[in-house]
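Taking it in order: structure first as structure tokens, then the write-up.
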Amino acid sequence: MSVSDPLAPGRHGAPGTDPVRIAVPPRGVVQLAARKGRAADLTARLQEALGIALPGAGKAANGGDMAALWIQPETWMLLAPHGIEGACARRVKDAAGDAGSVVDQTHGRSVFILSGTRAAWVLNKLCRIDLHRSAFAAGSVAATPVGGLACVVHQSEPATYELVVFTTFLRSFAEMLTHAADEVGYVIT
């Protein structure tokens, strides 16, 4: 691992045949909150316009190219591939209408993807949630400190975690994550 760039592409850490993979793909990130008494209306609007059902506590849902992560009562974080500046927020705002408040977090949040058969083992070094598949399966979400930093953890599929952190902590988070993965080896893509 290069101290000057913890996200230098390539193979790093311990040798072996089963390294974890770490990526920081560009994502549109939007926070969506239901206005008082409008959660059902908001849910119906997003289902109709975007094909995504807003999930309940501790869960995620997918629709089209978007994922909705429950982060607190009547509040969700929506993730989509990053495209034209502000496009994700506009799509969500158009769908929500006056039933929800939309805040574009694309520049304020970064999404790490940690994957591989040892991904949960690496992540368990940094957080206190039980990542065993019986407790935190694909589709699960938790807002919890990871390495002491605020993070939204989403298991998007088996052995794949999306880790949403404040962009101001991107470098520190990358250093912690790569340090935790060093023992099993990792590939930055």
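A few notes on this one:
- Single unsatisfied condition, residue 128 versus (1) in the same structural domain as residue 49 (by TED's automatic domain parsing); (2) among the basic types (Lys, Arg); (3) in contact with a strand residue (DSSP E or B) (Cβ under 7 Å, 6 or more places away or on another chain): (1)
- If you go through the stretch 30-60 and keep only what is surrounded by 17 or more Cβ atoms within 10 Å (Cβ to Cβ), of a type in the set (A, V, I, L, M) and not in a loop (DSSP other than H, G, I, E, B), you end up with 30, 32, 33, 34, 39, 42, 46, 50, 60.
- Selection count, the stretch 9-29, where residues are in a strand (DSSP E or B) and either within 21 Å of the chain's Cα centre (by Cα) or free of Cβ contacts under 8 Å to residues at least 24 places away in the same chain (or both): 7
- Residues of the stretch 147-189 that are within 20 Å of residue 136 (Cβ to Cβ), among the aromatic types (Phe, Trp, Tyr) and in a strand (DSSP E or B): 161 alone.
- Flag if residue 92 is closer than 16 Å to residue 141 by Cβ, in contact (Cβ under 8 Å) with a residue 40 or more places away in the chain and buried (at least 19 other Cβ atoms within 10 Å of the Cβ): no
- The number of residues in the stretch 104-137 being surrounded by fewer than 15 Cβ atoms within 10 Å (Cβ to Cβ), within 30 Å of residue 33 (Cβ to Cβ) and either of a type in the set (Lys, Arg) or touching a residue at least 12 places away in the same chain (Cβ under 8 Å) (or both) comes to 4.
- Single residue of the stretch 45-80 satisfying the filter (hydrophobic (A, V, I, L, M, F, W, C) and more than 20 Å from residue 90 (Cβ to Cβ)) that is modelled with the lowest pLDDT: 53
The values are calculated or read from the model by the stated rules, or taken from the named source; none is laboratory data. All of these numbers come straight from a predicted model, not from anything done at the bench. Neighbour counts are summed over all protein chains in view; Cβ atoms, including those assigned to glycine, are modelled from backbone coordinates with ideal geometry.
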